[in-house]
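Before any comments, here is the structure.
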Amino acid sequence: MGILEVVSLFLVMLILALVPSSSVALVVTRSVTRGVTNGVSVSLGIILGDLIFILLAILGLSLVAETMGWLFLTIKYIGAIYLIWLGYTLLITKSTKIITVKKTNKKGSLVESFLAGLFLTLGDIKAIFFYVSLFPIYVNPGALHLIDVLIIMIVTIITVGGVKIFYAITANKVVSMLKRYNFESKVKKMAGGFMVGAGGYLIIKS
């Protein structure tokens, strides 16, 4: 991967990680109701789940690229259309109150919070289709090197992990910001634009 591809992947992953979602809701809720350490623990579980999906996506793409080139090209086009569709849905989706928090004195187990984040992520099977769609833009799975895999995983840890932990640490302010400044709608539109652009670029590149 070149510098341009790394920076581009970093920005896309960062913006998508910022989009309010069920994982963000879980991080914020655990952090507000059971303490910041529980929010961080959920974040670590989410990171591990994403890394598992990323490895599955990369290995699957590499296998298809090496054995059936025509099928890989088909997957790239389907993936591009999928990215455009996801981006379009983000652009037209109205803001929803996804995060509701009720105070509690219950601390909760850090292991429980970690597993909650992990299983929430692994339960979202759409995530692996997203990664399968996204990665052909940045790497050639047929000529994938270990350094490329490491870069993708590091970018994921920094972006997804960094954003989720930031949400955990600033949970109370995040809840207020989502309500006051329509933050959710703005980030969704930004992420939607990026995904439509990524899908269009993949079609042109193919």
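The values are calculated or read from the model by the stated rules, or taken from the named source; none is laboratory data. This is a predicted model, so every value here is computed, not measured. Cβ atoms come from the backbone with ideal geometry, glycine included; neighbour counts cover every protein chain shown.
Quick notes on this one:
- Listed conditions (1) surrounded by 14 or more Cβ atoms within 10 Å (Cβ to Cβ); (2) within 21 Å of residue 151 (Cα to Cα); (3) modelled with pLDDT under 80 are all met by residue 2, apart from (1).
- Selection count, region 45-61, where residues are surrounded by 20 or more Cβ atoms within 10 Å (Cβ to Cβ) and more than 16 Å from residue 122 (Cβ to Cβ): 2
- Taking region 24-52 as the range and being farther than 24 Å from residue 150 by Cβ and within 12 Å of the chain's Cα centre (by Cα) as the test, only 24 passes.
- The helices (runs of 4 or more DSSP H) found wholly in region 97-183 and carrying at least 3 residues that are buried (at least 20 other Cβ atoms within 10 Å of the Cβ) and either modelled with pLDDT of 85 or more or basic (Lys, Arg) (or both) occupy 110-122, 146-156, 162-169.
- Each residue in region 1-54 was checked for being free of Cβ contacts under 8 Å to residues at least 60 places away in the same chain and assigned to a helix (DSSP H, G or I), and 3 of them qualify.
- Only one entry of 42, 36, 32 meets the criterion of being modelled with pLDDT of 85 or more, buried (at least 17 other Cβ atoms within 10 Å of the Cβ) and out of contact with any strand residue (DSSP E or B) (no Cβ under 9 Å at 6 or more places or on another chain), and that entry is 42.
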